[in-house]
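The structure under discussion appears below in the form of structure tokens.
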Amino acid sequence: MLSVDIDLLNGAIIPESMERSFNLLGIVILSRGYCGLSACTTRYLLAMALADLLVVITDVILAKIYYYYFPTTSLDITPAFNLVAIVILSRKKCGLSPCTTRYLVAMATADLLVIIFEVILRQINYFYFPVTFLYLTPVCSIYNVLICTSTQCSVWFTVTFSFDRFVAICCQKLKANYCTEKTSLIVLATASILLCMKNIPFYFIYEPGQIIDNVPWLCNMKLSYFTETGWIVFNWFDTVLTPLFPFTFILLLNALTVRHILMANRVRKGLKCQNRSDSEIESRKKSVILLFTISCSFILLWLMYLVHFLYYSISGRNPDDYNLSEYIFQQVANMLLNLSCCTNTSIYGVTQSKFREQVKCTVMYPVTSLIQLINKQNK
């Protein structure tokens, strides 16, 4: 009996679901204020019950259960981060202009789609669900097209955002007409439609790996994709469009932006006066920091993929014939490419103080709501 009591105290026998239920029950009963305890004692006990509940949720549900049933997935909480970014930015309380907010929301949405199509539907599905309808040749051909489209949208939304900031900083005459919410919507919609149309040919580069009962399964690239002139030209066009041209365009825009800022600083020093308000200069500074951080992150994380493309294009090697070191290099390049769609939310948090404040408010909202409910009941 003693051993059972010790086990009970150590939490070895009580199931995690019962522990969670006990904590919820304790929070509900204590919040009613009918236990004959002082107000401060009730508050302490409520805080302890909430902390215990968070331990059960984070350690048992999010850590242990996830560890045992999904042990090798990567980027597992990225969709939540992107969703948080979309929600917070959509509320327009981060001190950013409407057009900047539109671009950042579009980038976060494209990043979220990349994680859904590439990581969840392809990687996790491949390792944990080996036989699903997603392996039907028409279906996997479609979501391969969706992967390409969402990835390129993520890249080109970064380009359009860089151009918008360049116009806002360097082209004051064009700024009033271009840097508007309506223009940003037109630019983003046009880019999305054109990229969708451009990626349609990718649907036709796959052939069934197996045919079972007249049903085509798996998606294997046709050998003609690597040998026929038309497909080779299309492949080069695709890579020039993403990421060669974005690389060049972003570097050029950033160089021109830096040049303009340096010249403006020299003019201000020469005049020995400040013609612009402090708030405007501070806003411009934050926009430049955000722009440069996102641009540098994009360039660094896509660089290895670009090197890999140039390698197999110049050498004529088929990726299916790679040796171990070449295969590792290819996989690392793909991993960094996917990672580029996961860093923007972290960048927002590092560079934007108001974004961090909104994240704190969002995280603390359930706790503050519970405290307000308790205060109403005590009154």
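For a quick protection proxy, order the peptides 170-176, 292-298 by their average other-Cβ count within 10 Å, most packed first.
Working: 170-176: 12.0, 292-298: 18.9.
In decreasing order of mean packing, 170-176, 292-298 become 292-298, 170-176.
Assuming R0 = 30 Å, can you tell me the calculated FRET efficiency for the pair Phe133 and Cys171, based on Cβ-Cβ distance, to the nearest 0.05?
0.05
How large is the dipole of the range 152-230 about the Cα centre if only Lys and Arg carry +1 and Asp and Glu carry -1, each at its Cβ, rounded to the nearest 20 debye?
Charge dipole of the range 152-230: 540 debye, to the nearest 20.
At R0 = 35 Å, how high is the FRET efficiency between Met335 and Arg91 if r is their beta carbon distance? Nearest 0.05 is fine.
0.60
Which far-off residues, 5 or more places away or on another chain, put their amide H under 5 Å from the one on Asn220, with H placed in the peptide plane?
Glu207, Gly209
Report ³J(HN,Hα) in whole Hz for each residue of the range 195-202, in order, from the Karplus equation J = 6.51 cos²θ - 1.76 cosθ + 1.60 where θ = phi - 60°; Gly and Pro get x.
Karplus-based 3J(HN,Hα) across the range 195-202 equals 5, 4, 5, 5, 8, 4, x, 4 Hz.
How would you order 310-317, 328-335 from highest to lowest mean count of nearby Cβ atoms within 10 Å?
328-335, 310-317
When all C-alpha to C-alpha distances in the range 128-206 are sorted into bins of 10 Å, what percent of pairs does each bin hold, rounded to whole numbers?
Result, from short to long distances: 17, 34, 23, 15, 8, 2 percent.
Between Gln372 and Val233, with labels modelled 7 Å along Cα→Cβ, what's the label distance in nm to one decimal, could you check?
6.3 nm
Residue by residue through the range 219-224, which ³J(HN,Hα) values in whole Hz follow from phi under the Karplus form 6.51 cos²θ - 1.76 cosθ + 1.60 (θ = phi - 60°), with glycine and proline marked x?
Calculated HN-Hα couplings, in order: 10, 9, 5, 5, 4, 5 Hz.
If packing is taken as the average number of other Cβ atoms within 10 Å across a peptide's residues, how do 177-184, 101-108 rank, most packed first?
Details: 177-184: 15.2, 101-108: 24.5.
In decreasing order of mean packing, 177-184, 101-108 become 101-108, 177-184.
Take the Cβ-Cβ distance between Leu223 and Ile193 as r, set R0 to 30 Å, and report the resulting FRET efficiency rounded to the nearest 0.05.
Efficiency, from the Cβ-Cβ distance: 0.40.
No lab work stands behind these numbers, since they all come straight from the coordinates. Everything numeric in this text was worked out from a predicted model, so none of it was measured. Cβ atoms come from the backbone with ideal geometry, glycine included; neighbour counts cover every protein chain shown.
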